[in-house]
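Visitor: Take this structure first; my questions come after.
Just so it is clear, none of the values below were taken in a lab; they were calculated from the coordinates. Source: prediction; values computed, not measured. Cβ: placed from backbone, ideal geometry, glycine included. Neighbour counts: every protein chain shown.
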Ligand SMILES: NC(=O)c1ccc[n+]([C@@H]2O[C@H](COP(=O)([O-])OP(=O)(O)OC[C@H]3O[C@@H](n4cnc5c(N)ncnc54)[C@H](O)[C@@H]3O)[C@@H](O)[C@H]2O)c1
Ligand SMILES: O=C(O)C(=O)C[C@@H](O)[C@H](O)[C@H](O)COP(=O)(O)O
Ligand SMILES: [Zn+2]
């Protein structure tokens, strides 16, 4: 199984685009990255679907900007779009919302040749993929990610699902999309907070897999923060390449894929402890990247130089690096809901150097000792680099 990235002139008359292939045998698909791609989605989809009905799942923010254009592009190809517009944000990522999507599919008599399209961020993508995984025991879907988090991470790899009161993404299924269509131009309308949050997942790739990418981010962060597309597009492509490679190696997360969860053991705990009202996903991951590196150093797995480099880059991106006021017992309890946890043991992904991680359990006592010695809570600070937490 290999990963291939190529400059490809597609068989329809579009400009050159970057294509990353996710090689999963029968379930292989391509990730196309090209500014201005959105209006071409209709003809691309027409070549992928056997049916005519296409359910476009999106949220109110994204619908107001991109739904009309997408509908038009689909209708031009003789497809029959049905829009399903959800309330935006993490608090929508529930079984109830997934149920709403399923209701619409059933009412419109979607069949196994019908297709779902996720037009939006990771919340829309995760819900849509989950609905596609369980409706009629599985129908095809396509991802059109419109946030940085979704373009570099959530649209690729087939993790779909919804949150539970007790933990993030506790309910879900693996279901790969048929294609991922990334139009970086859509990032221009993204609120700044969402843009910055997405940088946490990008930094994650450098830490887990690519020291050269990490070093390049240290240089190009100012251009990324200005949304300079000449800096942004290579970062999206490299992120997709790394994620595709890892997913191809370990689709069902039995081993290597767990590294994609670096920063999420603490990050997800902070999100769920905040009732999905405080930190957004990327912000929580940004804190997780720094705090989990600090735990790794406390456990003797990496040097302080690694923690310092990660902290500096996270701060340079404008992300918070410290936790808000969260007690040790509640943090530990929330971490036990992590999907990597086994038999009451928290298993973490720890950096050993930039570009390499190790997967190991962390002892409750060691974690407690680290917490008492190292955790400096921010108290609802709103200042740059110290955005409030819970
Ligand atoms: N499945 C995976 O592998 C995976 C990976 C990473 C994250 N996730 C999940 O993704 C979710 C976070 O995704 P997210 O950060 O994209 O958040 P999100 O989907 O909530 O989107 C963030 C906000 O941006 C708005 N928005 C989206 N695109 C826009 C655009 N182009 N212009 C203007 N506004 C726009 C949305 O309406 C929303 O208000 C979390 O639930 C996380 O667990 C999943
Ligand atoms: O694709 C993966 O694998 C990841 O872990 C990517 C993460 O960035 C993402 O947040 C994912 O949804 C976390 O999954 P979970 O299994 O820890 O809920
Ligand atoms: Zn994530």
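Visitor: Separation of the stretch 248-283 and the stretch 64-89 by C-alpha centroid, Å?
Guide: Going from one Cα centre to the other spans 30 Å.
Visitor: Kindly put 181, 141 in sequence by how many other C-beta atoms sit within 10 Å of each C-beta, fewest to most. Each step should come with its number before you reach the end.
Guide: Details: 181 24, 141 28.
By the 10 Å Cβ count, ascending, the order reads 181, 141.
Visitor: May I ask for the angle, rounded to the nearest 10°, between helix 192-209 and the longest principal axis of the chain, with both axes built from Cα atoms and the value confined to 0 to 90°?
Guide: 70 degrees
Visitor: Ratio of the stretch 193-374's C-alpha Rg to 2.2 N^0.38 Å, to two decimals?
Guide: Numbers: Rg = 15.5 Å, N = 182, 2.2 N^0.38 = 15.9 Å.
Working it through for the stretch 193-374, the quotient is 0.98.
Visitor: Specify the angular offset, from 0 to 90 degrees and rounded to the nearest 10, of the alpha carbon long axis of helix 122-134 from the longest principal axis of the alpha carbons in the chain.
Guide: Taking the Cα atoms of the chain, the angle to 122-134 is about 60 degrees.
Visitor: Here's another thing I want to ask about it. Running a GNM on the chain with Cα contacts under 10 Å, which residue among 64, 216, 92 ends up with the highest mean-square fluctuation?
Guide: 64
Visitor: Top mean-square fluctuation among 56, 31, 359, Gaussian network model of the chain, C-alpha springs under 10 Å?
Guide: Greatest mean-square fluctuation among the candidates belongs to 359.
Visitor: Before rounding to the nearest 500, sum -39500 (n - 2.57) across all DSSP H runs of length at least 4 in the chain and divide by the residue total; then give [θ] at 222 nm in deg cm²/dmol. It would help to have the intermediate numbers written out before the result.
Guide: Details: 12 runs with 155 residues, N = 390.
So the calculated ellipticity at 222 nm is -12500 deg cm²/dmol.
Visitor: Counting only C-alpha contacts under 8 Å and six or more residues apart, can you give the relative contact order of the chain as a whole percent? Don't skip to the end; give the middle numbers.
Guide: Values: 790 pairs, mean separation 55.2, N = 390.
Dividing the mean separation by the residue count of the chain yields 14 percent.
Visitor: Give me 314, 233 ranked fewest to most by other Cβ atoms within 10 Å of their Cβ, as a rough exposure proxy.
Guide: Details: 314 24, 233 17.
Fewest-to-most ranking of 314, 233: 233, 314.
Visitor: Evaluate the chain: find the radius of gyration of its Cα atoms, find its Kirkwood radius, and give the ratio Rg to Rh.
Guide: Numbers: Rg = 20.2 Å, Rh = 21.1 Å.
We get a ratio of 0.96 for the chain.
Visitor: With r as the distance between the Cβ atoms of residue 345 and residue 189 and R0 = 30 Å, compute the FRET efficiency 1/(1 + (r/R0)^6) and round to 0.05.
Guide: Numbers: r = 43 Å, r/R0 = 1.44.
For residue 189 and residue 345, the calculated efficiency is 0.10.
Visitor: Helix 95-107: angle to the longest alpha-carbon principal axis of the chain, degrees 0 to 90, nearest 10?
Guide: 10 degrees
Visitor: Could you tell me the distance between the Cα centroids of the stretch 293-328 and the stretch 176-202, to the nearest Å?
Guide: Cα centroid to Cα centroid, the span is 24 Å.
Visitor: Let me ask something else about it. For a footprinting-style exposure proxy, rank 323, 26 by other Cβ within 10 Å, fewest first.
Guide: Details: 323 24, 26 5.
Least to most surrounded, the residues fall as 26, 323.
Visitor: Could you tell me what percent of the DSSP beta bridges with both partners in the stretch 5-189 are antiparallel, to the nearest 5?
Guide: Values: 14 of 36 bridges.
Of those bridges, close to 40 percent are antiparallel.
Visitor: To check you understand DSSP bridge types, tell me what percent of the beta bridges within the chain (both residues inside) are antiparallel, rounded to 5.
Guide: Details: 22 of 44 bridges.
Given both bridge residues lie in the chain, the antiparallel proportion sits at roughly 50 percent.
Visitor: So which residue, out of 258, 107, 178, gets the largest mean-square fluctuation from a GNM of the chain using Cα contacts under 10 Å as springs?
Guide: Its mean-square fluctuation being the largest, the pick is 107.
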